[in-house]
Structures are given as structure tokens and as C-alpha cells.
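Here the structure comes first, spelled out in C-alpha cells, and everything after it is commentary.
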Amino acid sequence: PLEILVIDNGSRDASLDWLRSLSWIRLVERPEESPARWPGNVFTAWDLGARLARGRYFVTMHSDVFVLAEGWLAPFLREFSRNPRVAAAGAWKLELEHPFYRWQKETLGTVARLVKGWLWRPGRSDPHRGQYPRDYCAMYRREVLLQHNLTFLNEAGAITGGQAIARQLWEAGYETAVVPVAEMARAIAHVTHASAALAGGAKLQHARSQRQAAARAKAWLDSPWVHE
């Protein structure tokens with residue numbers, strides 16, 4: 001009932017040999033890719049995976065995501081069963097932040113949505129579409145992606161592949177469902193930018209962000225859970 005595709009974007013270390021030894025994955029090698037082409041090659045990997053996959057649903061998953069519990073796909077499937085017009089389901093950011101910073105961001109975000117709603121008039125973009133399933137771990141109706149020839153590649157103004165695909169789904173008349181962060185955080189962990197922090201050629205824009213990402217990655221790799 002499940003297949004796992006691994007799109008390798010030009011790995012140059014022992015991880016590629018390890019992937020080749022796994023009989024339970026479908027490995028697609030793209031040796032022409034490199035960290036310098038990140039994050040664009042992530043989005044083209046999603047596009048390629050959607051075309052090659054054979055399942056009813058298509059799950060995107062970053063290499064810095066850890067599955068913590070069984071039944072982690074249940075929240076996605078629940079959202080699809082509730083509404084046949086839902087074509088994507090997933091969570092918002094999961095990374096742990098300082099409580100005050102998180103409260104500040106959520107409060108300001110709520111105020112911004114209220115202001116957008118007050119200013120919104122017919123013909124303008126819908127103000128309630130600020131959040132969308134982030135592509136670090138999200139589920140999509142694969143036939144919808146293929147039928148409408150959708151792409152995760154960033155369009156003008158889109159920040160991530162998840163946002164780009166969500167906008168295209170909305171324009172095609174579909175809906176997206178955002179799983180509550182607290183629920184999703186019990187099922188998976190996203191060590192944000194861990195891959196970029198560890199890869200030699202993919203550097204984050206700010207040195208402080210680079211140090212924070214490296215610290216998060218080290219903390220997870222050193223944790224008893226990972227060693228067990």
C-alpha cells in the first residue's frame with residue numbers, strides 16, 4: 001500500500017552508496033544537481049516524484065524530518081475524508097521557538113489577517129489563505145497535481161514550494177487543510193534547515209541562522225532517541 005521514492009540531488013558522500021543498498025526504496029539519482037542549486041532542486045524533486053509515484057496520495061518529505069510515532073499519516077487522511085475538495089493537507093512550522101517569539105509571531109499574524117479581512121473586497125486575494133501545508137511534510141491528491149499540471153517551483157512572490165502549490169490549488173478551485181501544530185508535533189519532528197546546515201555548498205542567508213541550524217542538527221543527532 002506504500003512506496004518510498006528517494007530523489008537524490010547529487011550526493012557526493014557515502015549516503016548515496018547506502019541508499020543504493022536499500023531494496024525497499026525507489027532511488028532516483030540526479031548527479032547533475034548540487035547544494036548550490038538548493039532549494040530549487042527540492043521543488044523539482046517534488047514535481048518528478050509526483051509524476052513517478054503510483055499511489056493515490058503523494059507525500060513530500062524533507063530529509064530533516066523524523067517520524068516519531070505510528071499513525072503519523074492519519075491526520076492527513078482525516079482531512080481528505082472530511083472534504084473531497086481538499087487537495088493538500090499538512091502542518092505549519094513545527095520548529096521549537098522561544099515562547100515569547102512564538103506568541104509575538106502568532107499574535108501579529110492574527111492582527112495582520114484581521115486587517116486583511118477588513119480591507120478585503122471582491123476581486124482581491126482571499127485574506128484567509130495566509131497559512132498552507134508546508135512541503136517539509138505534506139500530503140497531496142496526486143491525480144489533482146497531474147490533472148492540472150501543477151508545479152512546486154516558486155511562482156512570483158511564493159516563498160516555498162508548499163506555498164506555490166497551495167496558490168495553484170486555490171486558483172483551480174480546491175482547498176487546503178492545515179493540521180494543528182500540536183497534533184502534528186506529536187507525530188513528526190522537523191529539524192529546520194538541518195540539511196542546509198550540514199551540507200558544504202548550501203548556506204543559509206544569515207550567519208546567525210546558520211549557527212542555529214547547526215546547533216539544532218547537532219542536538220538531534222546527539223539525542224538519546226536517535227542513538228537508540
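Please name which of ALA45, VAL65, VAL86 has its Cα lying farthest along the dipole of segment 44-91 towards the positive end, using unit charges on Cβ (Lys, Arg +1; Asp, Glu -1) and the Cα centre as origin.
VAL86
From the P(r) of segment 6-101, could you give the percentage of C-alpha pairs in the tail past 21 Å? Walk me through the intermediate numbers first.
On the way: 2229 of 4560 pairs.
Value for segment 6-101: 49 percent of Cα pairs lie more than 21 Å apart.
From largest accessible area down, sort ARG26, ARG208, ARG12; use a 1.4 Å probe on the protein chains.
Details: ARG26 75, ARG208 155, ARG12 175 Å².
Largest accessible area first, the residues go ARG12, ARG208, ARG26.
Sort TYR136, TYR174, TYR57 by accessible area with a 1.4 Å probe, largest first. Please list the in-between numbers first.
Numbers: TYR136 10, TYR174 30, TYR57 65 Å².
These residues rank, largest area first, as TYR57, TYR174, TYR136.
Once ligands and nucleic acids are excluded and a 1.4 Å probe is used, how much of LEU5 is accessible, expressed in Å² to the nearest 10?
Estimated to the nearest 10 Å², LEU5 gives 40 Å².
If DNA, RNA and ligands are ignored and the probe is 1.4 Å, what is the ranking of GLU228, GLU33, GLU171, GLU3 by accessible area, most exposed first?
On the way: GLU228 180, GLU33 10, GLU171 145, GLU3 55 Å².
Solvent-accessible surface, decreasing: GLU228, GLU171, GLU3, GLU33.
The values are calculated or read from the model by the stated rules, or taken from the named source; none is laboratory data. If you're wondering where the values come from, they're calculated on a predicted model, not measured in any experiment. Because the Cβ atoms are built from the backbone with ideal geometry, glycine has one as well, and the counts that use them run over all protein chains shown. Side chains included, ligands, DNA and RNA excluded: accessible areas come from the protein's heavy atoms. Shrake-Rupley method; radii C 1.70, N 1.55, O 1.52, S 1.80 Å.
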